[in-house]
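This report concerns only the one structure given below.
Every number in this text was worked out from the coordinates using simple rules, so none of it is lab data. This is a predicted model, so every value here is computed, not measured. Note that we place each Cβ from the backbone using ideal geometry, even for glycine, and neighbour counts take in every protein chain shown.
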Amino acid sequence: MSKKHSLAALVGITAALALLAAGCGGGGGGKSGGNVSALPASSCSDIFYEGGGDPDYLIASDLPLQGSGRTQTVQMTEAVKFVLKQHNFKAGKYKVGYQSCDDATAQAGKWDSAKCSSNANAYAGNKSVVGVIGTFNSGCAEIIIPVLNRAADGPVAMVSPANTYVGLTHGGPGTAAGEPDKYYPTGQRNYIRIVAADDFQGAADAINAKNLGLKKVYILNDKEAYGLGVATDFKNSVTQLGLSVAGFGAWNGKASSYTGLATKIKQSGADSVFVGGLVCENGGKLIKDLRSVLGDSVTLLAPDGFTPISAVVDGAGKAAEGLYVSVAGQPNENLGVTGKKFVKDFGAQIGGEKPDPYAAYAGQSAEVLLKAIETSDGSRKSVATQLLQTKVTDGIIGTFTINEKGDTDANPVTQYLIKNGKQTTFKVITPPTSLVKGGA
Amino acid sequence: MATDASRQQTARLRSLGAVGVVPWIGRLLVLLLLAWLAVNLYKTPSDFVAVGLEGLTLGLVYGLIALGYSLVYGILELINFAHGDVFMLGSWISLAVGAHTLNLGADSSGLAVIGGLVLTLLAAAAFCGVLNVTIERVAYRPLRNAPRLAPLITAIGMSFILQDVGLNRLGPAPVSIPNILPRGTVFSIGGNIYRWDSLIVAVSTVPVLLLLVWLVQRTRQGRAMRAVAQDQEAAAMMGINVNRIISFTFLIAGALAGVAGLLYALYSTNIQFDQGFTLGLIAFTAAVLGGIGNLPGAVLGAVIIGLIQQFNEGLSWHAPGSDWTQSIVFAILILILVFRPEGLLGERTPEGG
Amino acid sequence: MASAEYRRPWFHRYTGLPGELRRRWRGMDDRKRFQAGIVLRVLLLAVLIVIGWPLALLVAILFAVKYLLPRVPEPWSRFNRFVTPGIILLVAVTYPFFVEGLGSMRLLGDYPGLDTAVIMGVYAMMAVGLNIVVGYAGLLDLGYVAFYAMGAYTAAWFASVQFAHRNVHFGAVGVGSNTPGIHISIWLLLIVAGIFTLVIGVLIGLPTLRLRGDYLAIVTLGFGEILPQVARNGDNLGGFNLTNGPNGITPIDAPGFGSVGGKIGLPENYLAVSNRNEIYFWTVLVLVILTIFVSLRLRDSRLGRAWIAIREDETAAAAMGVPLMRTKTWAYATGAFIGGVAGAYFAAFKSSTFPGDFSFNISAFILSMVILGGMGNVWGVVFGGAFLAFLNQQGLSDIGHSINQTFGTSFDVPKYQFGIYGLIIVAVMLIRPEGLIPSSRRQRELHEGVADTPLYDVQK
């Protein structure tokens, strides 16, 4: 066979296959769910909609679904779905579908700034999207908020169940230059959060420390935006309350041993340690090593990064005994009817567990967003405006009002104490505004 | 061996006065470090000893993982990035066999613990050994004649696959392991306790290292391994089955990873799907620090890293503290390599010098 | 090498398949090899057609061109070397116009959206930069992320409100004149970032480049670990907030040509235009083309030949009068420069910089691009960079979704992405050990066994 022949054969086969391919198409194709066009499958799940007809609008959640934060974030998406089902996928006269989007990548193993940026552009560019629930990480919110703020047809509403970094909504100690205005280039606010910012939690934890009669506290943080933020605010508040700070340092979530660090804390003479950060940053091991070196006499305090408390108990075992964990909002037993019902029904749906506090926040975020869509005229701008007017009575996480900066006034912070491997409600603290610098 | 190139280079550096100065800078830095340690020892002697012991223990655990890197590196000059993840799966098998199947726990009797741990050890070593051999066969052997960096990339790929297996088996959050080893006090210095579980883990590495050195230095297999490491072609001509020796090396390295996985699980009592990645990086660094391919060097390097970490985090007088641990470890590593390019116990070769 | 002469158990035939194929290939004569090549190409095309016809069409055209070019008559053949790059360039430049109409691929999901395409371009740039260090000069660098970080932070410092006590404005667009902070035009910053990173690269290189082989690799790894930690702790360096710590620096000013550029039809401010993604895409395309051009010119220069000489045999190169330190430092500096520019553009595109962006994973990721694409070959490396960045950004989850849809399964995609990624790079390396588009030099070595000394194999 000469070269010419084989070339002819090649061209022939290629042409035949090309024709075949043209016939069978490239798969996939039309992805619109009726009136709405879906967000790209590369980041987001399929549209979740079980109501009648086709949805009019989409809401999306933006959470890191890969890496060690997964436990919480997966439950959060379940909570959003749960709430949507309860509402029968309706916000007033509008039918609403939902997509769960991932802001993590395989390479990063956690949230990825490039992915946050891509997602933000996808939301802003898709006219069907009227609201975003998210993010989990404040860093990711810093990227998404300005993009949504600048979106065509007025800003896109965004409600976060988890961002606690102060500078996203208001200035104050520990925030960077130009915050929060640099996130809102149009000047109109489009972002609210239904969790109390770090400065509230830091203040409440500081009051708790003072009430417990502690004198000298060693403050640790996990060197992530959340941990450093809450640790810094705690430090500011305890100093104001007259406690002394024995030291301020980091723990590395990837380390195998914290005994050295614990020895140094012991040397400092601290009577208590505040561990500002996430339990998934090896928090269980940290608590174990602190306990084993420092003994039982030293008090350990943690913010709501150490939830679900069951995870702390799983990770730290007996060492978790006597750990105080603060969670913004009312304790479950003080919740109203809606809250209790959510805990019961959603808990049953996820297999009888106690829902993660973040799941409750995610559910509440979905409620708030649906309400804003219901009262809006259907435009993005209007949804954002309505979102900033949020007032919730007897919601999943209680009763609260959102102020013009997007912060919640639900100031109570519940201190839980771990006893016999179970969480017990220790005290509910509402920090005075005087302690919350630059507060809402 | 000084090649023409390095001689020429040395001459140029000497003309700049660099060669005379460089070792002195090195000695000065070592002196400063020793002085800093001495002041800390003087100020807080009991903390110093306690932290030093913790560092030694941690370093020996790193050392076990580093040995596996060193073995494979010695024979194939391949940075086996998947080794750390084999180690992680060793921890997982230990959890599955020891804690779940055999039901070992804090309240098991002494005899049950010893018997159970031996069984777990065998299971972990066998599983990881076979896994490592399989990885070599599937991902490295077909690339024996490929550019040297090709197996490096398949190693990274295998590492990802194993991590994903770990993620699906262990879940994303750290998993707590019951305290199987006794946690009583061995001795206490100035209120700082050194516990039995740390001691047992630390001491366990010594026989492993001795066994390994014996294997490599004294046995027929070991001689064959060294021959293959020197020159595969010549070894093949001498009648050595090169592929079998490489498989054998991977078997040993994998078994080591299994042992390390069990000991780490006992030591740390928390295991996580990505522990292999983090610890693998440290272990590989330790292997290089000690002198690539040198087994006692790998353990020495690992102990030094363990000590740096714990001293930096645990000492109170002018220690940079836990914010900077990673930087300090790598800064010291870079300094050591700049002043001693062949690693601590490595031989001066053209590769290193 | 000693791989051959022993009895292989039957199952080795499967585990060692690619090696076996290569051995067969070596045994063929020219004609058989040509025919086998055609069979392989047709097979590849068949696979591509199943994935999606536009992809197959492009590859078929490229194959046809490759076949036809040697047959072009004399006066015209001098344009031959522009044909293939020209076709690729044409497709790339017009990509935004037809991407919408392409539908989606089988298995791989959607064609890369413009957003993804920008990120692919940035990674392709970084891969080309690293290729100069690894592919040309043969220095294994496991800490390339340090250069990306330097570039990104340079852009962040000089085009944001980070240094609010200063008030410097120079050419920045879309920033009010009373906005605090330093605001310098992104275009200028790309160059500043490159130079800045180059200086850092030289500073890192000078004491360490006399190390050889993997000792150098581990030192670069060290710098790749130290720099992000400095960034993470940089919110309080002796009281000075350099990097804003874990909160990162955001937002970063957008690129744009201002009113001057606006007069000649260039976008004034990238954020203010309606086709934002297209503009970002074309910009990165220009940067990638410049990088490729520089890389190719350097390869053929005196310096480039010195790099390759060092890669092949350092001792011999030195004996021939190649100044080792200077040559290696230049490789490092050039790689650093490109990494810095890419990092700065990436930061401007994402409008943010976080210390968490710069983990060892990213170094390994970029190294995979270089080696998987075809070390030493610019085109291969660009393709490797684009391909892996595509997988990471959207391909992996799309593959998961496709599998779910095809087989009716419902496994949780993000949980398996890491593993899918691993499987893909292992498979590709086994099938093409020399990279997807290897340099012709390397291919000859492998397939004909001209030199069996693998790269980096220092003489023992």
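Classification of chain A by its C-alpha gyration tensor yields a prolate form. The axis ratio a/c (a ≥ b ≥ c) is 1.5 or more, and a/b outweighs b/c.
Taken as entire DSSP H runs, the helices of chain B that both span 18 Å or more between Cα atoms along their own long axis and average -0.5 or more on the Kyte-Doolittle scale are B:18-43, B:45-76, B:110-135, B:149-170, B:196-218, B:242-268, B:275-290, B:295-314, B:325-339. Using only side-chain charges placed at the Cβ, +1 for Lys and Arg and -1 for Asp and Glu, the dipole size of the protein assembly as shown relative to its Cα centre rounds to 2700 debye. Based on C-alpha pairs under 8 angstrom that are at least 6 apart in sequence, the range C:124-206 has a relative contact order of 26 percent.
For the protein assembly as shown, the pair-distance distribution built from all alpha carbon pairs, in bins 20 Å wide starting at 0, is 11, 40, 38, 11, 0 percent. Between A:K216 and A:E50, the contour length at 0.36 nm per residue exceeds the Cα-Cα span by 54.2 nm.
Oblate is the label for chain B. Its Cα gyration tensor axes, ordered a ≥ b ≥ c, give a/c of at least 1.5 and b/c at or above a/b.
May I ask for the Kirkwood hydrodynamic radius of the range A:75-213, worked out over all distinct Cα pairs and given in angstroms to one decimal? The Cα-based Kirkwood calculation yields 16.5 Å. Taking amide H as placed 1.01 Å from N in the peptide plane, the amide H of A:G329 sits under 5 Å from that of A:V413, A:T414, each at least 5 places away or on another chain.
With neighbour counts taken as other beta-carbon atoms within 10 Å, the residues B:L263, B:L121 rank, fewest first, as B:L121, B:L263. Rounded to the nearest 0.05, the FRET efficiency derived from the C-beta distance between B:S188 and A:N334 at R0 = 60 Å is 0.85. According to the Cα-based calculation, Rg over Rh for the range C:188-263 is 1.12, with Rh computed by the Kirkwood formula. Take each residue of peptide B:313-324, count the partner chain Cβ atoms within 10 Å of its Cβ, and average: the result is 6. Sorted on the mean count of surrounding Cβ atoms within 10 Å across their residues, most packed first, peptides A:423-430, C:222-229, C:95-102 read C:222-229, A:423-430, C:95-102.
Given the pairs A:K85/A:K344; A:K235/A:K391; A:K216/A:K264; A:K182/C:K350, which span a C-alpha to C-alpha distance of over 20 angstrom in this model? Among A:K85/A:K344; A:K235/A:K391; A:K216/A:K264; A:K182/C:K350, the Cα-Cα distance tops 20 Å for A:K235/A:K391.
Averaging the sequence gap over all C-alpha pairs within less than 8 Å and six or more residues apart, then dividing by the number of residues, gives chain C a relative contact order of 24 percent. Listed from fewest to most Cβ neighbours within 10 Å, the set A:T239, C:T315 follows the order A:T239, C:T315.
Between the Cα long axis of helix A:225-240 and the first principal axis of chain A there is an angle of about 20°, rounded to the nearest 10. Using the Cα gyration tensor of the range A:198-330, with a ≥ b ≥ c the square roots of its eigenvalues, what is the shape: rounded (a/c below 1.5), prolate (a/b larger than b/c) or oblate (neither)? Rounded, since a/c falls under 1.5. Per residue of B:235-248, other chain Cβ atoms within 10 Å of the residue Cβ number 2 on average. Given the range A:304-440, report the % of alpha carbon pairs whose separation exceeds 17 Å. Tail of the P(r) past 17 Å holds 65 percent of the pairs. Spin-label model, B:D107/B:R223: points 7 Å from Cα along the beta carbon direction are separated by 5.6 nm. Database remark: amide H of B:R195 closer than 5 angstrom to the amide H of B:V186 (H placed geometrically; neighbours at sequence offset of 5 or more, or on other chains; Pro and chain starts carry no H). For C:A319 and C:V202, the FRET efficiency from 1/(1 + (r/R0)^6), where r spans their Cβ atoms and R0 equals 30 Å, is about 0.75.
If you take all other residues with their beta carbon under 12 Å from the beta carbon of A:W251, and give Lys and Arg +1 and Asp and Glu -1, the sum is -2. With θ taken as phi - 60° and the Karplus curve 6.51 cos²θ - 1.76 cosθ + 1.60 applied, the whole-hertz 3J(HN,Hα) list for the range C:172-179 is 6, 10, x, 10, x, 5, 9, 5 Hz, x standing for glycine and proline.
Loop-located chymotrypsin sites (Phe, Trp or Tyr not before Pro) in the range A:85-148 (DSSP state not H, G, I, E or B) with no more than 14 neighbouring Cβ atoms inside 10 Å do not occur. Which is farthest toward the positive dipole end of chain B among B:L289, B:L104, B:F248, measuring Cα position about the Cα centre, with Cβ charges +1 (Lys, Arg) and -1 (Asp, Glu)? Of the listed residues, the answer is B:F248. Residues whose amide H lies under 5 Å from that of A:T390, counting only those 5 or more places away or on a different chain, are A:I402; hydrogens are built 1.01 Å from N in the peptide plane. Put simply, when B:290-302, A:349-361 are sorted by average Cβ atoms within 10 angstrom per residue, most first, you get B:290-302, A:349-361. Between C:F407 and C:R24, the simple label model (points 7 Å from Cα in the Cβ direction) yields a spacing of 2.8 nm. Which values of log₁₀ I(q)/I(0), to two decimal places, follow from the Debye formula for the range C:358-426 at q = 0.20 Å⁻¹ with a uniform point scatterer at every Cα? The Debye formula, applied to the Cα set alone, gives -0.82. Across the range C:248-357, Cα pairs under 8 Å and at least six residues apart give a relative contact order of 37 percent.
Mean partner shielding of peptide C:408-420, defined as the number of other chain Cβ atoms within 10 Å of each residue Cβ, is 6. Here the Karplus curve 6.51 cos²θ - 1.76 cosθ + 1.60, taken at θ = phi - 60°, turns the phi angles of the range A:150-161 into couplings of 8, 4, 4, 6, x, x, 8, 5, 9, 10, 9, x Hz, with x standing for Gly and Pro. Divided by 2.2 N^0.38 Å, where N counts the residues, the Cα radius of gyration of the range B:18-163 comes to 1.48. Modelled this way, with points 7 Å down the Cα-to-C-beta line, the labels at C:N275 and A:S310 are 5.3 nm from one another.
Straight-line reach from A:K127: which aspartates and glutamates have Cα under 19 Å away, leaving out those fewer than 8 places along the same chain? Here the aspartates and glutamates satisfying the reach criterion relative to A:K127 are A:D46, A:D54, A:D56, A:D62, A:D153, A:E374, A:D377, C:E100, C:D115, C:E278. For chain A, adding -39500 (n - 2.57) for each run of n ≥ 4 DSSP H residues and dividing by the number of residues yields -12000 deg cm²/dmol at 222 nm. Screening chain C for whole DSSP H helices with an alpha carbon extent of at least 24 angstrom along the helix axis and a mean Kyte-Doolittle hydropathy of at least 1.0 yields C:30-51, C:80-98, C:114-131, C:186-208, C:276-300, C:413-431. Quote the FRET efficiency, to the nearest 0.05, computed for C:S259 versus C:I88 with a Förster distance R0 of 41 Å and r equal to the Cβ-Cβ distance. Computed FRET efficiency for C:S259 and C:I88: 0.75.
Working ranking of peptides C:145-151, B:322-328 by packing, defined as the average number of other Cβ atoms within 10 Å per residue, highest first, is C:145-151, B:322-328.
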